[in-house]
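J.: The structure follows.
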Amino acid sequence: TTQLRHFASSTYSLAKTPKKQQKNIQLSNPTEIPSSTHSIMSAILDSKTKVGDDNAAPVTGDYYFDSYSHYGIHMDMLKDTQRTCAYRDAILANSYMFKDKVVLDVGCGTGILSMFAAKAGARKVIGIDCSSVAEQATRIVKDNGFENVITVIRGKVEEITIEDKVDIIISEWMGYFLLYESMLNTVLYARDKFGAKGVKLFPDRGNMFVCGVTDEQYVTSKFKIWENVQGLDFSYFKRLAYIEPLVDTVDPSQIVTNTAPLFSFDINTVTVDELSFNSKYTLVASHDTEMHALSVHFDTPFTAGHETIVLDTSPMVPPTHWRQTVLYLYNPIRVAKGEKIECVMSMNPNKDNPRDLDIHVRIDFDGKYQSSHFDQDYRLR
């Protein structure tokens, strides 16, 4: 199997390649958005079904789905070439798997993944989205000539009926911290309800990683500032500010430890309950410095076919719209090169809003400059 991580420049041929000849497929430059994507963007901008228009579909009353009704958020995702090209190449490089198959696109958005599946030779593609973008996707599918292959349904996956058992499920379900918004739960529901025996998932793996970072500038400007506001103590807000993780791009120069595996799962078999985790890991300081935060990123390999593609959100590769999730430590840790920080991180859906995540971190450290033992809670919302 050829494995290619989606951050390097390379070339790609859209020609359908017989199974026996697929070993030498090369991928396209992920900084180049395919022409079909540009036409999709134009169709979105030209569409009359927009939030605020008289002809717009009614909102669902669910803030999560309604947030995906406006074309702007889909523009951001389409412009994320790391994301878009990873899916495109995972599908087209394994087109032999899609030929004459029934494909389900969970949370289809503008329909771009559905159209990649149709280009790969799928006999039938069913796209499902609960937001009003489903109406826009129907228009885009027709504008691109796929209306005889792709059917877009507006509704919740959990509430609709599909006559066909599906051979392949594609979905861009990943959120910040990989699991934020809990969309993977819907993919697992679709897998169990609609999947044929041996159904293939794109992607089919999820891996999370963590490293320590230094960031004195952010700590000073966003946290320490509360200690003295016009001579007054606003430290209460400082404590509140630490609760919310920051989603931002980490510069590789900020990384001060190794990168440790945090949590991994197989989407073919994982259950919703197994997506909560409690993970122990060890970070090792790369040099003498102060560690202000933990940075979490993920990758999602597509391993179902002969050609493996890996969508990577590491700080070491060009940024995606997911960036990294940074958890700032209320007690920064002064470390010497080679010293070990023993950590535990757990994550569970919030009880009041399962799309939010409750994250708990335990730090145990005894080093040359200090000892530090503490627990800290975060909420990603």
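J.: Specify the inter-centroid distance of the stretch 83-154 and the stretch 361-381, based on alpha-carbon positions, in whole Å.
T.: 45 Å
J.: In nm, give the distance between the simple-model label positions of residue 76 and residue 237, each being 7 Å from the Cα along the Cα-to-Cβ direction.
T.: 2.4 nm
J.: On to the next question. Running Debye on the stretch 200-255 with equal point scatterers at the Cα sites and no solvent, what base-10 log of I(q)/I(0) appears at q = 0.23, 0.26 Å⁻¹?
T.: Listed by q, the Debye log ratios stand at -0.99, -1.10.
J.: For residue 326, what charge total do you get from the other residues with a beta carbon under 13 Å from its beta carbon, if Lys and Arg give +1 and Asp and Glu give -1?
T.: Values: positive: 222, 323; negative: 215, 244, 248, 251.
Within the 13 Å Cβ shell, the charges total -2.
J.: Arrange the residues 243, 267 by how much accessible surface each exposes, largest first, with a 1.4 angstrom probe.
T.: 243, 267
J.: To the nearest 10 square angstrom, how much accessible area does residue 379 have with a 1.4 angstrom probe?
T.: The accessible area of residue 379 comes to roughly 60 Å².
J.: To continue, here is another question. How big is the charge dipole of the stretch 239-293 about its Cα centre, in debye rounded to the nearest 20, if each Lys and Arg gets +1 on its Cβ and each Asp and Glu gets -1 on its Cβ?
T.: 140 debye
J.: Related question: With every protein chain left in place, what is the accessible area of residue 298 in Å² (1.4 Å probe, nearest 10)?
T.: Probe radius 1.4 Å; accessible area of residue 298 about 10 Å².
J.: Right, something else. At 1.4 Å probe size, put 180, 378, 236 in order of accessible surface, largest to smallest.
T.: 236, 180, 378
J.: Let me check I've understood the local charge: for residue 204, count other residues with C-beta under 12 angstrom from its C-beta, Lys and Arg +1, Asp and Glu -1. What total comes out?
T.: That sum, taken over residues with Cβ under 12 Å, equals +2.
J.: Going through the cross-link list 238/351; 197/351; 224/340; 101/142; 79/222, which pairs have a Cα-Cα distance over 22 Å in this structure?
T.: 238/351; 197/351; 224/340; 79/222
J.: Could you tell me which of 187, 203, 175 has its Cα farthest along the dipole of the stretch 157-205 towards the positive end, charges placed at Cβ (Lys, Arg +1; Asp, Glu -1), taken about the Cα centre?
T.: Final value for the positive-end residue is 203.
J.: Looking at the stretch 268-309 from every direction and averaging, what is the projected area of its Cα convex hull in nm²?
T.: Averaged projected area of the stretch 268-309's Cα convex hull equals 5.5 nm².
J.: Compute, for residue 204, the solvent-accessible surface of its heavy atoms (probe 1.4 Å) with the complete set of protein chains present, and express it in square angstrom to the nearest 10.
T.: Surface accessible to solvent at residue 204 totals approximately 10 Å².
J.: Let me ask another. Work out the length of the dipole vector of the stretch 252-366 about its Cα centre, built from +1 on the beta-carbon of each Lys and Arg and -1 on the beta-carbon of each Asp and Glu, and round it to the nearest 20 debye.
T.: Dipole of the stretch 252-366, to the nearest 20 debye: 220 debye.
J.: Counting only protein chains, not ligands or nucleic acids, how are 222, 193, 238 ordered by accessible area (probe 1.4 Å), most first?
T.: 222, 193, 238
J.: Suppose every Lys and Arg Cβ carries +1 and every Asp and Glu Cβ carries -1, with no other charges. What dipole size does the stretch 71-130 come out with about its Cα centre, to the nearest 20 debye?
T.: 260 debye
J.: Add +1 for every Lys or Arg and -1 for every Asp or Glu among the other residues with Cβ under 10 Å from the Cβ of residue 129, and state the total.
T.: With Lys, Arg at +1 and Asp, Glu at -1, the neighbours total 0.
The values are calculated or read from the model by the stated rules, or taken from the named source; none is laboratory data. Every value quoted in this text rests on a predicted model; they were computed, and no experiment measured them. Heads up, the Cβs are rebuilt from the backbone with ideal geometry, glycines too, and the neighbour counts pull from every protein chain shown. Keep in mind that these areas ignore ligands, DNA and RNA; they rest on the heavy atoms of the full protein, side chains included. Shrake-Rupley method; radii C 1.70, N 1.55, O 1.52, S 1.80 Å.
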